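Notes to accompany the following structure.
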Amino acid sequence: MEMEEEANETRRKKQKFLGPMDRYASNIDPNKKTLQNQKINNAIFKERTHKVQQFMARWMYESGVAFNAVDNDSFKRFVEAVGQFGPGFKPASQYLLGGPLLKDEVERTKGLLSKQEEEWKKNGCSIMTDAWSDRKRRSIMNLCVNCPEGKTFLSSMEASNDSHTGQYMFEYVDKCIKDIRPQGVVQVVTDNGSNNMATKALLKVKRPLIFWSSCATHTINLMLQKIGGQSKFKGVIEKAKNFTIYIYAHHKTLHLMRKFTKKRDIVRPGVTRFATAFLTLQSLMDKKNELRSKECKREGGDVYCFE
């Protein structure tokens, strides 16, 4: 009984304040049977919420902001802070964004990193390497540090004009080990490429106390590649590939497929190309009955059936 009373008290405290004047107006008690007033209050709240959302959407459309930006926790905190500030808030100018506010954010980030650096010294950390190519076909190499406190981006460089030999990779990784402190590095994680295997050998000679570990994602990718190359799987994967290419290359078959699968696609992209092949096979199995459905359409005196 006491717990129920506490819950009711909490609900009463969490009344919706739409503006400064609402603090001086009487709240609608949900326990009282004033349903008409409650409906009016909800209608006003929905209308005002919709109006604010329209302004937010218009700004995003005009500025070309990605829709997934609204899922960022920092954006949600910003919206909450504006709501608590109330009327009269003025957004930051370009000068503030590129100057003082940027410096404040850099200092805040350094403060967050200091906690992780303390963890590196206390319990050690792992260095992870990653090499990839951007849209301009530039070769980018990244180094990240991982510890129980989280993952941190450490270093990045463009290596388009350099050969990614084992010696080159070793010098880059070893420099980062020095920056962190050799006693704080437990292991280095790379893929199984030949250059990284050469890096492993050089690392073992200079720093025998640091472990080298293979990237789990890359190892699984190699496993799927070997499995997909076996005769009893290779033909199935090739047929599924041709099947999906045919569907997505013809708008009518694509429309029918999405109609029967309730607008769900059959291609499921994965982290790697070989994982995508097996995920697509699983998707085809899950939608097998829908893909076998038949629809007949009468046009004039003829009947066309699509399977």
- Say each of Lys288 and Lys121 gets a label point 7 Å from the Cα, pointing the same way as Cα to Cβ; how far apart are those two points in nm? 6.0
- Item | Sites Ala92 and Lys51 - FRET efficiency at Förster radius 22 Å, r taken between beta-carbons, to 0.05 | 0.40
- Note on the structure: With every protein chain kept in place and a 1.4 Å probe, region 133-192 has an accessible area per residue in Å² of 58
- Note on the structure: Hull volume per residue for region 125-280, using the convex hull of the C-alpha atoms, in Å³ is 163
- Message: Sort 125-132, 72-79 by packing, meaning the average of other beta carbons within 10 Å per residue, with the highest value first.
- Response: 125-132, 72-79
- Taking a crude spin-label model, label points 7 Å out from Cα along the C-beta direction, the Asp130 to Ser213 distance in nm is 1.6
- Unsatisfied cross-links (Cα-Cα over 20 Å) in the set Lys151/Lys204; Lys204/Lys226; Lys115/Lys151; Lys234/Lys259: Lys151/Lys204; Lys204/Lys226; Lys234/Lys259
- Cβ-derived FRET efficiency at R0 22 Å, Ser156 paired with Val65, nearest 0.05: 0.35
- Message: Can you say what percent of the DSSP beta bridges in region 84-220, counting only those with both residues inside, are antiparallel? Round to 5.
- Response: 65
- Distance (nanometres) between label positions extended 7 Å along Cα→Cβ at Arg77 and Gln187: 3.2
- Task: For region 33-157, with all protein chains present and a 1.4 Å probe, just round the carbon and sulfur fraction of the accessible area to a whole percent.
- Result: 56
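The values are calculated or read from the model by the stated rules, or taken from the named source; none is laboratory data. Bear in mind the structure is a predicted one, so any value in this text is a computation, not a measurement. For neighbour counting, all protein chains shown are included, and Cβ atoms are generated from backbone atoms with ideal geometry for every residue, glycine included. Please note that ligands, DNA and RNA were not included when accessible areas were found on the heavy atoms of the full protein model with its side chains. Shrake-Rupley method; radii C 1.70, N 1.55, O 1.52, S 1.80 Å.
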